[in-house]
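Report on the following structure.
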Amino acid sequence: MTSFLYDTPGPRAKRRNVVYTIVFLAVLGLVAWWVLSAMADKNQLAAEKWTPFVTDSRVWTTYLLPGLTETLKAAALSILIALPLGALLGIGRLSDHRWVRVSTGALVEFFRAIPVLLLMIFANQIYRQFTTVSSDFRPLYAVVTGLVLYNASVIAEVVRAGVLSLPRGQGDAAEALGMRKSQTMLYVLLPQAVTVMLPALVSQLVVIVKDTALGGAMLGFAELLTEGRNITANYGANTIAALTVIALIFIAINFALTSCAGWLEKRLRQGKKSAAVALPAQAGPTDAETKSVSSA
């Protein structure tokens, strides 16, 4: 018996799979035991390393919550700017005008090829030498600028691929109705491509949230991970505990983001299904009407 993807395992294959599973779990357990033992030897599992996150509210009010606020601020500003800018660049790459298509493509490929950390560093230097932005706000500006330039170029490719994945008949039908290219893109192609693009867009938004930590590593941006180092310096070198709590906060943020996107995608698909319900066919003439017409 077979499936579409692989042959159904027989008795011997099932026994091998069970053995492989047991061996994998045993190796995983040994690795976990080794890691925990190493942490215990370094005194990283001691209660005093973890209890401040529960018993001392200053850990949250002084370090974690302010760092989380800066992380969410940078991520929100980057998302609000990168999404429409990326959509415009993606539409530009689909333009009928060669000069628009080529220039937009060069811009997208240029910023997509540069690591986002370098973009942040360059932006910080530009703000320092050519603007009057205060040093208190310069790291935030640099982080947002780097994230916007890089992620807008990636989102542009997502938009372009999403529009090109649609059947060609969608655009042809809009043109047959007399719609201009801009109207076709805005009212026909983009709304349909949103559902196709949504998983990739959500993945990119998660990347934006995580990449805010790069600003803290190089620019002194007071985001969540940077505040974790301050916790370690003031609460007895509890590095593992601080990083674990910060990782859980990032997981919660990104899980909430993906959950909202999943709900939105479900609503969009339901809306498309309800809009695609076919109207009942018009009833034809009855036999009595046909006989009366023929006799007349």
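Every number in this text was worked out from the coordinates using simple rules, so none of it is lab data. Remember, it's a predicted structure, so these values are computed and weren't measured experimentally. Please note: Cβ atoms are built from the backbone with ideal geometry, for glycine as well, and neighbour counts cover all protein chains shown.
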Checking the a/c ratio against 1.5 first, then a/b against b/c, what shape does the Cα gyration tensor give for the chain? oblate
What spacing in nm lies between the two simple spin-label points modelled at VAL35 and ARG98, each 7 Å away from Cα in the Cβ direction? 5.6 nm
Note to self: C-alpha centroids of segment 51-82 and segment 214-236 sit apart, in Å, by 11 Å
Say R0 is 25 Å: what FRET efficiency, to the nearest 0.05, do THR258 and THR131 get from their beta-carbon distance? 0.10
By counting other Cβ atoms within 10 Å of each Cβ, how are TYR187, TYR141 ranked from fewest to most? TYR187, TYR141
Dipole of segment 162-276, positive end: most advanced residue of MET185, ALA233, THR258 [Cβ charges, Cα centre]: MET185
Around SER203 (Cβ within 14 Å, Cβ-to-Cβ, excluding SER203; K/R +1, D/E -1) the net charge comes to -2
Paramagnetic label zone (point 7 Å from Cα along Cα-to-C-beta, LEU166; backbone N under 14 Å) in segment 184-199: 184-198
Angle check, please: helix 224-234 long axis (alpha carbons) against the longest principal axis of the chain (alpha carbons), in degrees 0 to 90, nearest 10. 20 degrees
In degrees, nearest 10, range 0 to 90: what is the angle between the Cα axis of helix 98-113 and the longest Cα principal axis of the chain? 30 degrees
Using only Cα atoms, find the angle between the long axis of helix 65-93 and the longest principal axis of the chain, and express it within 0 to 90 degrees, rounded to the nearest 10. 30 degrees
Return the whole-Å distance between the Cα centroid of segment 183-213 and the Cα centroid of segment 89-103. 19 Å
